């Protein structure tokens, strides 16, 4: 059975999936936006594991484009997968490749743990300034490519968009790829 890609508007912390993706920073030190919401809803257990990952890291615990997992604390999910997206610097400094690596790394972590459902936010489109339309194309293209290579790895991949506008952009990008 091929995985289903869903787009929903809502709060990622309320998703009942195996893994929720956190748009984190490279130091896993917490922040605002999606990161802050996940830490608030999930409670201190998530930050405790981030602290442990920082202590174990020889350098940056979550370099841009990589992914690490922690408990989900009080969230409905089994785990949180943290990924650090790129800051938008005009598009000519490898941002698309770094963003694609975020999605691919998260999918690899989820698949390696046998998690069949995953929820993504729109990575890097908040304070990191990545244009939503370009981010949507990268995100959906990367997920589709991963599913082509690993067709049985997932049941449902959900993109949870915060605003009506972001949902419309992702919907347009998904429909454009389907036609």
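As for the range 118-131, it holds no residue that is surrounded by fewer than 24 Cβ atoms within 10 Å (Cβ to Cβ), over 10 Å from the mean Cα position of the chain (by Cα), at positive phi and without any contact (Cβ under 8 Å) to a residue 24 or more places away in the chain. Checked against the criterion of being on the phi < 0 side of the Ramachandran plot and free of Cβ contacts under 8 Å to residues at least 40 places away in the same chain, the range 71-84 has at least one qualifying residue. For residue 7, the stated conditions do not hold, so it cannot be described as in a helix (DSSP H, G or I), surrounded by fewer than 21 Cβ atoms within 10 Å (Cβ to Cβ) and in contact (Cβ under 8 Å) with a residue 24 or more places away in the chain. Could you list, in sequence order, all residues of the range 73-83 that are in contact with a strand residue (DSSP E or B) (Cβ under 7 Å, 6 or more places away or on another chain) and either at pLDDT below 95 or surrounded by fewer than 24 Cβ atoms within 10 Å (Cβ to Cβ) (or both)? Across the range 73-83, the qualifying residues are 75, 78, 79.
From the list 123, 81, 127, the one residue that fits, being part of a strand (DSSP E or B), in contact with a helix residue (DSSP H, G or I) (Cβ under 8 Å, 6 or more places away or on another chain) and closer than 29 Å to residue 43 by Cα, is 81. Screening residue 1 with (1) closer than 18 Å to residue 146 by Cα; (2) in a loop (DSSP other than H, G, I, E, B); (3) modelled with pLDDT of 95 or more gives one miss only, at (3). Against the numbered list (1) in a loop (DSSP other than H, G, I, E, B); (2) crowded, with 19+ Cβ neighbours inside 10 Å; (3) in contact (Cβ under 8 Å) with a residue 40 or more places away in the chain, residue 88 comes up short only at (2). Of the residues making up the range 133-179, just one is free of Cβ contacts under 8 Å to residues at least 24 places away in the same chain and either surrounded by 20 or more Cβ atoms within 10 Å (Cβ to Cβ) or not in a helix (DSSP H, G or I) (or both), namely 179.
For the range 121-147, how many residues meet the condition of being at pLDDT below 95 and closer than 19 Å to residue 105 by Cα? Going through the range 121-147 one residue at a time, the tally reaches 0. When the range 29-72 is limited to residues that are in a loop (DSSP other than H, G, I, E, B) and in contact with a strand residue (DSSP E or B) (Cβ under 6 Å, 6 or more places away or on another chain), the one that is surrounded by the most Cβ atoms within 10 Å (Cβ to Cβ) turns out to be 72.
Residue under question is residue 13, and the condition is that it be in contact with a helix residue (DSSP H, G or I) (Cβ under 8 Å, 6 or more places away or on another chain), surrounded by 22 or more Cβ atoms within 10 Å (Cβ to Cβ) and part of a helix (DSSP H, G or I); does it hold? The answer is yes for residue 13. Taking the numbered list (1) part of a helix (DSSP H, G or I); (2) surrounded by fewer than 24 Cβ atoms within 10 Å (Cβ to Cβ) in turn, residue 107 passes all entries but (2).
Of all the numbered requirements in (1) modelled with pLDDT of 95 or more; (2) in contact with a helix residue (DSSP H, G or I) (Cβ under 8 Å, 6 or more places away or on another chain), residue 30 misses one, and that requirement is (1).
The values are calculated or read from the model by the stated rules, or taken from the named source; none is laboratory data. Owing to the predicted nature of the structure, the values given are computational and were not obtained by experimental measurement. Because the Cβ atoms are built from the backbone with ideal geometry, glycine has one as well, and the counts that use them run over all protein chains shown.
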